[in-house]
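One structure is given below, encoded as structure tokens.
The values are calculated or read from the model by the stated rules, or taken from the named source; none is laboratory data. It should be emphasised that the depicted structure is a prediction, and the values quoted were computed from it without experimental measurement. Virtual Cβ from ideal backbone geometry, glycine too; neighbours counted across all protein chains shown.
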Amino acid sequence: MKALRTAILLLLILLIAEAAVAEILIPMDRGQTNHLKAYGVAFEALKNQLTVKWLLNYRGGSFLMPGAPETIAIC
């Protein structure tokens, strides 16, 4: 019984963690090969009234935005 309760608690924690990390990070460092597409994804997210965070001092000015289905489709 205790093992079942522990398993259910662990499952709930994992589900909550999954929902909390539902954001997309688009790095703009040297590993990014298509900077224009990254700016386009950020622009489309803004057009769809989504919040886009510009992380100026992180990996070359990366973008962080919600993992909405519209944004994922563009990526």
- [ ] Give region 26-75 a look and list any residue that's in a strand (DSSP E or B) and among the hydroxyl-bearing types (S, T, Y), or say none.
- [x] S62
- [ ] Find all pairs meeting these conditions: Cβ atoms under 6 angstrom apart; at least six residues apart or on different chains; first residue within region 40-58 and within 17 Å of M28 (Cα to Cα); second residue surrounded by 14 or more Cβ atoms within 10 Å (Cβ to Cβ) and among the small types (G, A, S).
- [x] V52/A42; V52/A45; L55/S62
TODO: Output the residues belonging to region 33-57 that are modelled with pLDDT under 85 and either β-branched (V, I, T) or under 16 Å from the mean Cα position of the chain (by Cα) (or both).
DONE: T33
